[in-house]
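Quick notes on the structure that follows.
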Amino acid sequence: AALGRLDDALRDLNAAVTLEEKSSSSEFDADLYHQRGAVQHRLQDYRTAARDFALALEKDEEGSQRPRQEAARTWNMLGLCEAQLGLVAHESFVKSLELDATSRETWLNLGQAARDRGDADAAKRAFMRCIATDPAFCRGHHALGLLMYGTGDFLKATASFKRCVALAQKEDADAAVGALYYAG
């Protein structure tokens, strides 16, 4: 997958999962399911990816030795799949944050999920935590700016967009272009 050949990566991961399932070892690597789910996610097969992420989390419950941060990443990815499938992703993001409250991406995703369900207050709290976790995260400022713009708080929106533009030199030019559009 690192070389961009997702079909080859998926074939190899399927073979690895098959070998692990057939082995007599009780130490099945939950990360194999996570990695296969990540490839499926990149291929935009969100339903299959969600199943693999759920299987990885099931292995974690059975006593997998994966670090908490890796399990948190799996919960976050499951939430992204749920959101793509039109499901409520809130709980998956919350479980991810229970395992790793320092993930700026998960705070961002939680905020977007709250915004998508129409809860502007919860979205604002999550975006603010995202920014508090990493003040230099341009996408966090951009998301907060979009929320503030959508709720009619144009001064706060403009401030968030300007901060995003200032940070974009280091990070995400696409978010900066969007911020400029909204900031006028």
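The values are calculated or read from the model by the stated rules, or taken from the named source; none is laboratory data. Computed from a predicted model, the values in this text were never measured in an experiment. Here Cβ is always computed from backbone atoms with ideal geometry, including for glycine, and neighbour counts include all displayed protein chains. The protein model used for the area step is the full one, side chains on, heavy atoms only, and it has no ligands, DNA or RNA in it. Shrake-Rupley method; radii C 1.70, N 1.55, O 1.52, S 1.80 Å.
Looking only at the range 58-77, filter to residues that are in contact with a Leu (Cβ under 7 Å, 6 or more places away or on another chain) and among the aliphatic types (A, V, I, L, M); which one of those is surrounded by the most Cβ atoms within 10 Å (Cβ to Cβ)? Step by step, filter the range 58-77, then rank; the result is ALA71.
What about ARG129, is it open to solvent by 50 Å² or more (accessible area, probe 1.4 Å), more than 22 Å from GLU70 (Cβ to Cβ) and in contact (Cβ under 8 Å) with a residue 12 or more places away in the chain? Taking the combined requirement at face value, the residue does not satisfy it.
For ALA50, the test of being of a type outside the set (Lys, Arg), at pLDDT 95 or above, over 29 Å from MET148 (Cβ atoms) and in a helix (DSSP H, G or I) is passed. Suppose the filter is assigned to a loop (DSSP other than H, G, I, E, B), over 12 Å from the mean Cα position of the chain (by Cα), without any contact (Cβ under 8 Å) to a residue 12 or more places away in the chain and more than 17 Å from ALA56 (Cβ to Cβ); does LEU87 pass it? It is true that LEU87 is assigned to a loop (DSSP other than H, G, I, E, B), over 12 Å from the mean Cα position of the chain (by Cα), without any contact (Cβ under 8 Å) to a residue 12 or more places away in the chain and more than 17 Å from ALA56 (Cβ to Cβ).
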